[in-house]
Each structure stands twice: as structure tokens, then as C-alpha cells.
Amino acid sequence: MCGIVGYIGKRQAYPILIKGLQRLEYRGYDSAGIALIHNENLNVYKAKGKVADLVRFADQQDTQGTIGIAHTRWATHGEPNQVNAHPHFSQSEELALIHNGIIENYAVLKEGLTEQGYTFSSETDTEVLIQLIEYVKNSNKVDLTKAVQLALNQVVGAYAIAVIEKGQPDTIVAARKGSPLVVGIGKDEFFLASDASPIVEYTDQVVYVGEEEIVTMRRGKELKIKTISNVTKTPEIKKLEMTLTQLEKGGYPHFMLKEIFEQPKTLSDSMRGRVNVDENNITLSGFIDNKEKFLNAKRIIITACGTSWHAGLIGMYAIEEFARIPVEVEYSSEFRYRKPVINKDDIVIAISQSGETADTLAAVELAKSKGAFIFGICNVVGSSIPRNTHSGCYTHAGPEIGVASTKAFTAQVTVLTMLALMIGREKGTLTEDQYLRTVHELGKIPEKIKTILRQNDAIAQFAKTFTYAQNFIYMGRGYNFPVALEGALKLKEISYIHAEGYPAAEMKHGPIALINQEMPVVVIATSAGMYDKVVSNIQEIKARKGKIISIITEGDVVVKNLSDYTISIPDTEECLVPLLAVIPLQLMAYHIAVVKGCDVDQPRNLAKSVTVE
Ligand code: G6P
């Protein structure tokens, strides 16, 4: 949800900022803007649309300067147009600010500033904040850092901000609460960004800005940190684990396709050092360090959003089956507001690719305040959720850039499965035979995914047939029900075709009324699980002339003969089927979207990291 970048140092800021915006474009792409100080001028250029539109406009202007800030926007307040784009000027045009987040009390602040004679040219909450900073600065006659501190004391909401001042070409002031912010430390230069991807090219030394901290970056000086309540902090420098090649497409036409094809590797990375197939063993240090908590847990609550919520559902099936602990899976946005009953012996598992999703972070805070033990399953190392949980387990899927999540999903399911197996074994609720078989099979999953990926061309071929469709239904049962939900979500997100996932037996309670010869129905009908029941459900669709696309286990002819199209996947343990069955669904959604000419990596209205609620 909005990406921010900043630079101060010896180099020209413009190319660094533009490249940084391109790396952060997954966070929002409604409009983009840049502010640069050159000589006596504070130049601000903005454009509706993507970073490429900004470049087309800004390239014609004076883009010189060794200090600047830039922004790519996902609109919250005010439509995505040039006026509402960031950076925003203060009234005097002495200050410029970029912001990721929401200022919740902006209306009250705006009213107060209007009474003081301030006028506003945009509809944004951000413009209110920069006007407030200017007002506070002038009325208290303080420097920029102090003005930011005083202003933020009046603000309710979430933010990552960066501010520059016309007469101060040697200083950037930035701050955060809720939204992420990272400072890269180079030699006599600073980089600033919403995540480390714009920074990795220049330095591997970073400081993750903490909650309610204000950082002051002065040319040639050390980084200074103060909290909003005026406590001085010592910067904690960390080494980045990310590499530049992880952020490039590596010959693939889209990040999404690259990330789908990376899954054999990402799942191996996820299991590396954790699954030992030779010794038939799983070791998750996050579990071992907190074994008693898991063994004594009366209930596990999984909280997440979007694709991560689907992974959570699969986790529920596995934990209940293997560990016999009751599990509830909650949308973070509902959980945080519905006065849930949370007990001290509950474990709350927060799942998040980005580790920044505002609702999931708030759900974590709520559960923590009620005394529950919080376990995070996140992908982005050093992000806010892992920093706010008691313990956890990284998924190690590497940077995921495509807005539609793919490899992060399978890595989340892998971690949840490992966790379920470990708890079950320790509790004795899982037979040793089942444990050994599943661990052994888990180790084979990366190779089995490779065999599915070999069907990419065939999937691309038949996907062309379905670009006519206005609607799709996905169905599955048991472990494959969340896969149906995830398959439908992938298609919706990137091809804009309406799609619904259903437990197959629920079809007769409504959705079957939609079936006619136009309606493609994707059925996950693998042999493990309730195969016969799903076959009956397929018959019911077939009788109404629906078009059947089935995901079957290799060798199955019964479902194949009932289907218009089939994709086979290798056989495996029932709990591991989702890791295989989702792959053809990701590919199918991808190819349909490509044929329809959609922007696969940056679908309309979406953002990868949802840092506003
Ligand atoms: C956004 C993304 C989804 C993601 C969801 C939750 O909607 O587009 O791909 O599943 O947020 O994000 P998280 O980072 O918490 O997994």
C-alpha cells in the first residue's frame, strides 16, 4: 500500500529514486511522484498512472539534485489523479512530504488548520499532515525533526513518512508507525524505502525503523533516531539477506510466472535444515523453543488475510488431523474488531507473506494484549509481524514481487504442515507410521511440482479456450476445499473473471443453479480424500452441461472421462495434495490473464502489501 523511497548522498538522486519506485511498484500503482532539491529549488513532479508515466513527464524537467524523496501510490483518500499524488507541498511550498498509511483524524486536523488560514489543494489526508508539520514548525520556531515530532504527537493513524525542506538540502526526516520503513546506510549516503528492495543494490547495511521512531538523515553525518515521545535511540544496523538477482525476472515475461516456476526451489528452501528425509525427522526451532506452549494449548487461532488465510485453512485441517488441537481460522480484519474470546492458553498463529498487513498486525497486538502466545509465519525477514510475535518461523520463499501470491502460499502450507507434524508427534496423536510416511513424502514434493510445471504449455493452450468466460466455479473437498478458494482468488485477482470457490457438496445449496454449458467448473478430484463423493459431485455438474476442468491424480480414468479438460498431478499423502493441486490452478489463472491482455504482475486496484486496514 504505497511505496516510499528517499536518497541523500553524493550521487544524483533521480535515477536511484525511479529505480526504487519501480521495485516498490507492487505496493501500489495509481500515481507516482518525486521531489528533488536542486540549488535553491524544491522541485516536485507527479503523474497519474504508473512509474513509467512519471518518468515520461519528469524526464522533460530539471531532475538534478543529490537529495530527494519519491512515492508510488495506492489511493485511500481521494481518487488517483495528479493532484492527489504524492509528494505533497506545504502551504508555503517550503516542505514536501510522502506518506504510506492513513491519518485517521485528518478531518479534525484539517478543520483546525483551515481556521488558521491554511488551504488545501488535494483531497488527501497526507496534505493535512504536511500542513500540520509546517504550522507546528512555524509556530514553535523549531527545526524539521522537532516539527515532525510535535506534529506526529497530534496524529492518530498509521504512517511511514519522509519530509524534505527547500532551505535544508542536507537533511531528510522520516518516521513510522504501523507502516514499514528501512534505512540503508552507505558511505556518506543514506537510502530510505518501504522495504529493502530499492536499497539492496547499493548497500547491505540497514536499519529497520522502529514503531513511533523518527530518523534524521544528514549528509555526511551519522543516522539519528528519536522516538515521538523524545527518547534517543541507538541505530541497530542489520545485514541484508536479500540479493539483487532475487528481484529480477530472470528471463521470465512476468514475476508471477517466475515465482510459480521457483516453487520446487522455494519449498526446498523452506524445508532446508528443517526436514531431514534420511533421518525421517522435522526440526522447527520455533516449535522446539516453545514446545510446552504447543503441547498444552487448548486452542489454536490462525489469523491472516487473502491467500495467507487460505493457507491457514489448510493448516487447520493438518493441525486438527495430526495434533488434535481445535483450530479456528479468522480473517484478521474481522477478528480484531469482533471482541473475540482469547485465553492465555490459546496460541495465535499469524500468517503473512509481507509481515506488514495492517489487520493481521492489529490482530497480533490484540491477541498479545489478552495474554495469548503469538507465533508468526511470515516471509519478509525483519518485517513488522515477526518483530511483534513471541516466536515464529520464516517461510524462506524469497522476495515475492507478483501481486498475486504463489510461492509464498505453498511455503506457508509447507511450514504449517511441518508444524502440525511436529506437534502431533510430540503429543502422540499421530501414528509413527503416518509421521514417517508424511515426512518422506514432504521431501519429494519439490520434484513432484517439477513434473506438474512440465505441463505448462498444455495448460497455456487450453487456457485460451476460457477467455470468453464471465464466471468460473472451483470446487474441492477436505484439504482441497481451500485450494478451490485459492484457485478462484488467483483467477479473480489477475484476469478479472468472477470466480467462486466452493466445498463441492455445497453446490446443491445454491451455486448449481448457475450451471449451464457456458460455465467452466474446475474440480479438484484427486484420489486421496473423498474421491467417490467428488465424482458424484462432478456427475451432478455434468448432468447440467457444465464444462469440467479437473485436477486428477495420475492414472485416474474415471474423472478424466467425465471431464472436458484434465491436468494430472502425482499421487501423494492427502495433506500434501494442496501443494501440488494449486500449481496447475496458478498456471491456468496466469495464462488466462495473459491471453486477456491483463497486467498480471500489477492487477488493477490491488496492492501486494496492505498496510492500511
Ligand atoms: C494482499 C495481497 C495478497 C495477500 C494478502 C495478505 O491482498 O495482494 O496476495 O494474500 O494481501 O497479505 P500478507 O502479506 O499478509 O500475506
### Task
For N84, state whether it is under 21 Å from R604 (Cα atoms), open to solvent by less than 50 Å² (accessible area, probe 1.4 Å) and in contact (Cβ under 8 Å) with a residue 40 or more places away in the chain.
yes
### Query
Which one of these does M507 not meet: (1) in a strand (DSSP E or B); (2) open to solvent by less than 10 Å² (accessible area, probe 1.4 Å)?
(1)
### Message
Which numbered condition in (1) touching a Gly at 6+ places or on another chain (Cβ under 9 Å); (2) touching a residue at least 60 places away in the same chain (Cβ under 8 Å); (3) open to solvent by 20 Å² or more (accessible area, probe 1.4 Å) is the only one that E93 fails?
### Response
(1)
## Note on the structure
In the set A458, A404, A488, the lone residue that is touching an Asp or Glu at 6+ places or on another chain (Cβ under 8 Å) and farther than 22 Å from K533 by Cβ is A404
### Task
Residue by residue through region 555-575, note down the ones that are among the aliphatic types (A, V, I, L, M), open to solvent by 40 Å² or more (accessible area, probe 1.4 Å) and closer than 29 Å to D433 by Cβ.
V558
#### Entry: region 347-360, residues that are at pLDDT 95 or above and either open to solvent by 10 Å² or more (accessible area, probe 1.4 Å) or more than 9 Å from the ligand (Cβ to nearest atom) (or both)
I347, V348, I349, Q353
### Task
Return the only residue of I549, I524 being of a type outside the set (S, T, Y), crowded, with 19+ Cβ neighbours inside 10 Å, touching a helix residue (DSSP H, G or I) at 6+ places or on another chain (Cβ under 8 Å) and under 30 Å from F335 (Cβ atoms).
I524
### Query
Of all strands (runs of 3 or more DSSP E) completely enclosed by region 304-409, which ones contain at least 2 residues that are in contact (Cβ under 8 Å) with a residue 40 or more places away in the chain?
346-352, 373-378, 391-394
### Task
Might you check whether a residue that is more than 24 Å from the chain's Cα centre (by Cα), farther than 30 Å from R437 by Cβ, open to solvent by less than 60 Å² (accessible area, probe 1.4 Å) and of a type outside the set (K, R) occurs anywhere in region 326-337?
no
### Query
Which pairs do you get when a residue that is under 18 Å from S495 (Cβ atoms) and more than 6 Å from the ligand (Cβ to nearest atom), found in region 598-613, comes within reach of a residue that is among the hydrophobic types (A, V, I, L, M, F, W, C) and not in a loop (DSSP other than H, G, I, E, B), reach meaning Cβ atoms under 7 angstrom, with the pair 6+ apart or on two chains?
C598/I494; V600/M256; V600/I494; V600/A593; V600/V594; D601/F255; D601/M256; P603/I494
## Note on the structure
Only unsatisfied item for M422, checking (1) assigned to a helix (DSSP H, G or I); (2) open to solvent by less than 10 Å² (accessible area, probe 1.4 Å); (3) more than 14 Å from the ligand (Cβ to nearest atom); (4) not β-branched (V, I, T), is (2)
### Query
Is it true that some residue in region 426-449 is within 16 Å of the ligand (Cβ to nearest atom), open to solvent by 10 Å² or more (accessible area, probe 1.4 Å) and touching a Phe, Trp or Tyr at 6+ places or on another chain (Cβ under 8 Å)?
no
#### Entry: Exclusive hit being assigned to a strand (DSSP E or B) and farther than 21 Å from Y118 by Cα, set I34, I98, I18
I34
### Task
Go through region 112-139 and give me each residue that's of a type in the set (V, I, T), exposed (fewer than 14 other Cβ atoms within 10 Å of the Cβ) and outside any helix (DSSP H, G or I).
T119
### Query
Is there a residue in region 495-502 that is farther than 20 Å from K464 by Cβ, outside any loop (DSSP other than H, G, I, E, B) and touching a Leu at 6+ places or on another chain (Cβ under 7 Å)?
yes
### Task
Filter region 36-53 for residues that are open to solvent by less than 50 Å² (accessible area, probe 1.4 Å), under 21 Å from L95 (Cα atoms) and out of contact with any Phe, Trp or Tyr (no Cβ under 7 Å at 6 or more places or on another chain) and give the result.
I37, H38, L42, N43, K46
### Task
Report, by residue number, each residue of region 272-303 that is part of a helix (DSSP H, G or I), farther than 13 Å from L421 by Cα and either out of contact with any Asp or Glu (no Cβ under 7 Å at 6 or more places or on another chain) or free of Cβ contacts under 8 Å to residues at least 12 places away in the same chain (or both).
S285, G286, E292, K293
### Task
Among what's in region 140-164 and is in a strand (DSSP E or B) and open to solvent by less than 20 Å² (accessible area, probe 1.4 Å), pick the residue that is nearest to G68 (Cα to Cα).
I164
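The values are calculated or read from the model by the stated rules, or taken from the named source; none is laboratory data. Here the structure is a predicted model, which is why all the values come from computation and not from measurement. Reconstructed Cβ throughout: ideal geometry from the backbone, glycine too, with neighbour counts over all protein chains shown. These accessible areas exclude ligands, DNA and RNA; they are computed on the full protein's heavy atoms, side chains included. Shrake-Rupley method; radii C 1.70, N 1.55, O 1.52, S 1.80 Å.
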